[in-house]
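Contents: one structure, followed by commentary.
Rule-based calculations on the coordinates, nothing more; no lab input. Everything quoted here is computed from the prediction, not taken from an experiment. When we count neighbours, we look across all protein chains shown, and the Cβ atoms used for this are built from the backbone with ideal geometry, even at glycine.
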Amino acid sequence: MRSTFKILFYINRGKVKTDGTTAVMCRISIDGKISVLATGIYCQPKDWNSKKGELKIGGSQIKTGRENNRLAEFHRQVEQTYERILKEQGVISAELLKNTIVGVNSVANYLLKGGEVEIERLRLRSLETNSTSTLRQSKLTQRNLKSFVESRGIQDIAFEDITEEFGESFKLYCKINLGFTATHTNRHLCWLNRLIYIAVDQEIIRANPIEDVLYEKKAPPKLKYITKNELKQILETPFEDPMMELVRRAFIFSSLTGLAYVDAQRLYPRHIGKTAEGRLYIRKQRVKTNVEAFIPLHPIAEQILMLYNTTDDSQPVFPLPKNRDLAWREINQIGICHAFKENLSYHKSRHSFGTLLLSAGVCIESVAKMMGHANISTTQGYAHITDQKISEDMDRLIARRKVS
């Protein structure tokens with residue numbers, strides 16, 4: 001949908017220079033958000049036509065006509081820049097348009113400035129997708145990159161001055177100064193590479209100078225899940241508080257369907273179908289991977305579903321809060337109430353679903369389809385957990401027999 005876009009030229013009669021002139025300003029409005037920038041044109045307040053947004057035709061018609069032509073050209077530049085950004089990026093804001101016009105923009109010659117532009121693009125993208133996780137992580141990474149640059153005694157660095165040594169030093173800074181794990185270090189290197197490759201695409205530099213900087217070798221992912229007994233405790237303990245009960249039910253539902261929080265939050269009645277035998281199932285694209293998940297519903301999941309919206313397709317099934325931090329606080333409190341050894345997080349429900357299915361002998365291809373994994377290697381991580389659990393159970397059995 002096209003943005004609501006308006007341009008207005010005006011003067012501030014309260015700010016007049018010593019020579020009696022005041023600046024002509026341009027107000028850009030997009031979807032109700034406003035940014036203001038100077039046009040570089042000045043005039044006497046008495047010569048300004050507020051209704052037409054231009055200089056009055058007065059004494060020096062040649063000068064007035066020239067200044068009005070400059071305003072018309074400025075207007076065309078703003079419109080053309082608006083169209084270009086909208087075509088290239090698909091999203092736009094008044095601030096991004098302003099920054100592009102004044103040069104603090106998508107063609108940034110400096111690293112940190114380029115990061116700011118990319119953060120703004122991600123902010124607009126987060127509004128479109130209604131998901132802020134990538135934006136939050138990118139902001140944190142950008143702050144750490146800024147602290148590293150400043151630790152070298154500079155405020156910013158030109159892309160053309162970045163060397164392989166810069167990339168290696170940033171990696172060491174993340175590992176030693178910030179104490180990051182391999183995963184976090186690689187995430188920061190990925191952000192740095194991202195900004196540099198954007199500069200390459202915009203022909204600011206010819207090649208990525210840090211492309212030979214190696215990423216850290218990551219340890220196998222540690223997927224956290226809850227046991228059958230812990231899930232049973234949650235099942236058997238309802239709460240009087242409405243929000244706590246909503247989150248408890250949603251957690252159980254996700255433990256039996258593998259839906260991540262954002263997928264459960266964006267589950268609508270249209271995603272629910274019924275087989276010829278009358279069994280309910282969910283078929284929807286995962287928000288994270290855009291891969292379709294097909295999930296036959298467990299009887300308990302069906303019971304929970306029937307407690308909420310299954311008819312009005314303009315509303316989601318579960319009235320979960322948009323700010324998932326609220327739900328996380330509630331689910332953590334549920335774990336405390338049950339005295340679980342580890343903190344309970346919502347994403348453990350998804351991990352538990354995959355682990356329990358593989359433990360029950362469901363084939364890995366079916367689990368991958370139900371969980372909406374883009375790559376079956378992701379699902380194999382759950383198989384590793386079940387193998388490890390079987391080995392631990394066998395060790396405990398052997399130990400008990402030795403005692404007896």
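Relative contact order of the chain: 10 percent, from C-alpha pairs under 8 Å at least 6 residues apart in sequence. 3J(HN,Hα) along segment 21-28, derived from phi through the Karplus expression 6.51 cos²θ - 1.76 cosθ + 1.60 where θ = phi - 60°, amounts to 9, 9, 6, 8, 9, 10, 9, 9 Hz, with x in place of Gly and Pro. Using only side-chain charges placed at the Cβ, +1 for Lys and Arg and -1 for Asp and Glu, the dipole size of segment 5-95 relative to its Cα centre rounds to 340 debye.
With R₀ fixed at 22 Å, the C-beta to C-beta distance from D313 to E292 puts the FRET efficiency at about 0.75. Match the structure shown to one of the listed values (1) 28.8; (2) 20.0; (3) 30.4 of mean projected area of the Cα convex hull in nm², computed from it, and give that label. Here the calculated entry is (3). Ordered by the count of other Cβ atoms within 10 Å of each Cβ, fewest first, K56, K98, K87 give K87, K56, K98.
Packing here is the average count of other Cβ atoms within 10 Å per residue, and on that basis the peptides 113-126, 175-188, highest first, run 113-126, 175-188.
Under a model in which nothing but the beta-carbon of Lys, Arg (+1) and Asp, Glu (-1) is charged, the chain shows a dipole of about 700 debye around its Cα centre. Taking other C-beta atoms within 10 angstrom as a stand-in for reagent exposure, I154, I331 fall in the order I154, I331, fewest first.
A Cα-only calculation for segment 5-95 places Rg and Dmax at 14.5, 46 Å.
Once the C-beta distance of K33 and R136 is scaled by a Förster radius of 22 Å, the resulting FRET efficiency is 0.60 to the nearest 0.05.
Radius of gyration (Cα atoms) of segment 228-400, expressed as a multiple of 2.2 N^0.38 Å: 1.06.
Short to long, the 5 Å bins of the Cα pair-distance histogram for segment 111-201 hold 3, 13, 25, 25, 19, 10, 4, 1 percent of all pairs. Helices in the chain, meaning DSSP H runs of at least 4 residues, each add -39500 (n - 2.57). Divided by all residues, the mean residue ellipticity at 222 nm is -16500 deg cm²/dmol. The long axis of helix 324-337 is offset from the longest Cα principal axis of the chain by roughly 30 degrees. Within segment 191-267, the GluC sites (Glu not before Pro) that combine a DSSP coil assignment with at most 13 other C-beta atoms in a 10 angstrom radius are E203, E211, E236, E240. Our note on the geometry: Cα centres of segment 13-39 and segment 167-196, 42 Å apart.
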